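The values are calculated or read from the model by the stated rules, or taken from the named source; none is laboratory data. Not measured: the values here are computed from a predicted model. So basically every Cβ, Gly included, is an ideal-geometry build from the backbone, and we count neighbours across all protein chains shown.
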Amino acid sequence: MYILKRLFGFFYTEFTGALVLLLIVFLLALVPRIYSAQQNASVVHYALDSLEVAKLVLLQQKKSNTFKKLKAHQNRWNKVRWAKSKGYKFKSYKDLSKYSGLPVEDLKKGKTTQLFYPKKYSGIIHINRSDTTEWKGLKGVGSKLAARIVKFRNRLGGFRSIDQLKTVWGLDSAIITSQKDRFMLEPNSWTCLNINTCTKKELADHPYIGKYDAVKIITFRVQHPEMTQSMFKQIKSIKHDRLQRMLPYLKF
């Protein structure tokens, strides 16, 4: 303390305060230089880069600004996605706006709602090869019913007539009648089971046969090898109308 006082004329605490003050002044003097260097770097960056790169930079800035605007609604959009995954159906723009936090007008102008209300298929439905997406293009047919139609068709081996659609459980006959002009059936687009070589499981899996009639057919086939169509009609244990419904899907 005594040495500091003799050399500089003040005590240790006063000396420390003077040093801190000098440091602050030094930092304040550097601020304009740092700011100027950054400005010059930005100018040089845009002067040296091509017009295309400058456009990309502006586009990136625009995306960043858009992200900041949407970030406030991120939690609500997560809620929308969660509700959608659980099978919730948004019935209106107002309903979607309530979940997303976005104004109704913005939703109508943008393409956001296409994620939740995709445009339905409006073309021809080939009843033996259309997938579930095309089946959902029918008014009154949702995801579950479309999947049921395709599953039934695959088990059947294909439809032989449009009227067979009426046998699909849950498919209203009024839908088939009102939109019949959209259905197309290609000739010979269904498959048949070979009655003399098919297995009991293949027969049982067919919607028009079933496991009980499959056992009766196999039993009859053992007794009558190389079965013909006329022989098949003689199976007494199966009702005549059921035999007639099976015939188009059997090959002799």
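Here is a list of conditions, (1) outside any loop (DSSP other than H, G, I, E, B); (2) under 21 Å from W82 (Cβ atoms); (3) of a type outside the set (F, W, Y); (4) at pLDDT below 90, and K108 meets all of them except one; can you say which number that is?
That leaves (2) as the condition not met.
How many residues does segment 166-216 hold that are surrounded by 15 or more Cβ atoms within 10 Å (Cβ to Cβ) and among the hydroxyl-bearing types (S, T, Y)?
So the answer is 2.
Working only within segment 175-206, note down all residues that are small (G, A, S) and either over 16 Å from K136 (Cα atoms) or over 29 Å from the mean Cα position of the chain (by Cα) (or both).
S189, A204
Each row is one residue, and each column tells you yes or no for (1) under 25 Å from L247 (Cα atoms); (2) of a type in the set (V, I, T); (3) outside the structural domain of H224 (by TED's automatic domain parsing).
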site	(1), (2), (3)
L138	no, no, yes
K144	no, no, yes
R153	yes, no, yes
S161	yes, no, yes
L165	yes, no, yes
A174	no, no, yes
S178	no, no, yes
T197	yes, yes, no
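Would you tally the residues in segment 130-154 being in a helix (DSSP H, G or I), more than 14 Å from S189 (Cα to Cα) and not hydroxyl-bearing (S, T, Y)?
So the answer is 11.
When only residues in segment 138-148 that are surrounded by fewer than 19 Cβ atoms within 10 Å (Cβ to Cβ) and of a type outside the set (S, T, N, Q) count, which is nearest to S161 (Cα to Cα)?
The extreme case among them is R148.
Taking M227 and the conditions (1) within 40 Å of the chain's Cα centre (by Cα); (2) free of Cβ contacts under 8 Å to residues at least 60 places away in the same chain, which numbered condition does it fall short on, given that it satisfies the others?
(1)
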